[in-house]
Amino acid sequence: MEELTPKPYRIGDEERDRAVGQLREHHAAGRLDVAEFDERMGAALAARTSTELAALFDDLPPLDGHLPVIPTDRPAEMAPRSSNVWNWRQGVSGAAFPAALVICFATGWQYWWIMLIPMVISGALLGGQGNQDDEAPGKDAKSLPGGS
């Protein structure tokens, strides 16, 4: 299976300011001297992509147990929102069987065919898609087979 490498994305002033703040903390900790801090700060302010920022922190340790740079994949606010849709489908599908079971017991199994409804609902809502938690991160409908 091929490994997915994150694509660089364009950054804005917020990411540059965050990088300069992290460089300032490394300078205060004594990891960078004044000349190197000035050089890296200039490069951070001139950076256009996430990989240019990430390169400034390659030889520096994480700050407070967190990575000192922003991730090189797409920001979280731009990630696909398919998980919310999947969760409600699982909820409806999971609630259909107990509801049908209660109805069958309440009517003395006179309407036994109601037990078939959860199978239809589950098949229609979940459609044999399997567990989406097993998919690789970053996959959306366009990258799946049959996606448009």
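Just so you know, all these numbers are worked out from the coordinates, no wet-lab data involved. In this text the structure is predicted, and so the values were computed from the model without any measurement. Neighbour counts are summed over all protein chains in view; Cβ atoms, including those assigned to glycine, are modelled from backbone coordinates with ideal geometry.
Relative protection proxy for 105-112, 120-127, from highest mean packing down: 120-127, 105-112 (other beta-carbon atoms within 10 angstrom).
Taking one quarter of the surface of the convex hull spanned by the alpha-carbon atoms of the range 19-58 gives a direction-averaged projected area of 2.4 nm².
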